[in-house]
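In what follows, a structure is listed as structure tokens, so that the remarks can point back to it.
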Amino acid sequence: MRKLMMSGADLFGSATTHSRLRRLRRNEDGTTAIEFAIVAIPFFMFIFGLMGVSSYFFIMTSLEKGMDQSSRLIRTGQAQTPDPVTGQMMKVKDFKKSICDNAGSWVKCDKVQVFVKTFAEWADVEPQPCIANSGAAVNTANPDDDLATYAGASNDIVLVTTCYKWDFAGKIPYINMGQMNDGSLMMQTATAFRTEPYSSN
């Protein structure tokens, strides 16, 4: 009989323990912060990844637009013949500036490299690399050269390649988009065509 009886102190201690356990079960303070901490890293990875991919396609589309519009100067022979007003030949740097102007002010022209090559047959066309084996960018021709030196003549097959060193790729957290030594991403776009039968005079 004595073993089954509990003192008042025992009953009070047991009630206090149960009360504390009930309060602990009902206490939900901080659960939102814990849940957010669990999903924060994947969430921010998704956001930064979305921003990076969107920026990539925006810059790439701008470069393609600028190159396509400027390449028409070579296709029609305007770049290979003297300017009717000044009598000057278009330089490599002038053609590069034309690409940058048509691409938009958000494209940094000092990060752009332009390559123009001619081929006798379509089977001879080979892509122009933008990155050397060392991981560094391939430099373009002398900016002060006449573009006609590389753009050929009437009815030639011409390959125009534009390379853009996108430094922003190395600054996107969580996402590794760059393939260069400094973390930058080298964008590359190209177009090939046969020039029209223009007059060289």
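The values are calculated or read from the model by the stated rules, or taken from the named source; none is laboratory data. The model shown is predicted, which means the values in this text are computed figures rather than measured ones. Virtual Cβ from ideal backbone geometry, glycine too; neighbours counted across all protein chains shown. The protein model used for the area step is the full one, side chains on, heavy atoms only, and it has no ligands, DNA or RNA in it. Shrake-Rupley method; radii C 1.70, N 1.55, O 1.52, S 1.80 Å.
Key figures
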item: Check on PRO42, part of a helix (DSSP H, G or I) and surrounded by 10 or more Cβ atoms within 10 Å (Cβ to Cβ); result: yes
item: Breaking point among (1) in a helix (DSSP H, G or I); (2) touching a helix residue (DSSP H, G or I) at 6+ places or on another chain (Cβ under 9 Å); (3) modelled with pLDDT of 90 or more, for PHE168; result: (3)
item: Close pairs (9 angstrom Cβ cut-off, 6 or more residues apart or separate chains): free of Cβ contacts under 8 Å to residues at least 12 places away in the same chain and in a helix (DSSP H, G or I) in region 54-80, surrounded by fewer than 17 Cβ atoms within 10 Å (Cβ to Cβ) and among the polar types (S, T, N, Q) anywhere; result: ARG72/GLN78
item: First in region 84-111 and on the phi < 0 side of the Ramachandran plot, second anywhere and among the hydroxyl-bearing types (Ser, Thr, Tyr), Cβ under 6 Å, 6 or more apart; result: SER98/SER70; ILE99/SER70; ASN102/SER70; ALA103/SER62; VAL107/SER62; LYS111/TYR164
item: Residues of region 152-165 satisfying the condition of being in a loop (DSSP other than H, G, I, E, B), in contact (Cβ under 8 Å) with a residue 60 or more places away in the chain and not hydroxyl-bearing (Ser, Thr, Tyr); result: GLY152, ALA153
item: Qualifying residue in region 179-201 (condition: of a type in the set (A, V, I, L, M), assigned to a loop (DSSP other than H, G, I, E, B) and open to solvent by 40 Å² or more (accessible area, probe 1.4 Å)); result: no
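Okay, residues lined up against (1) at pLDDT below 95; (2) open to solvent by 60 Å² or more (accessible area, probe 1.4 Å); (3) closer than 25 Å to TRP166 by Cβ; (4) not in a loop (DSSP other than H, G, I, E, B):
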site: SER105; (1), (2), (3), (4): yes, yes, yes, no
site: ASP110; (1), (2), (3), (4): yes, yes, yes, yes
site: GLN113; (1), (2), (3), (4): yes, no, yes, yes
site: GLN128; (1), (2), (3), (4): yes, no, yes, no
site: ASN133; (1), (2), (3), (4): yes, yes, yes, no
site: THR140; (1), (2), (3), (4): yes, no, yes, no
site: PRO143; (1), (2), (3), (4): yes, yes, yes, no
site: TYR150; (1), (2), (3), (4): yes, yes, yes, yes
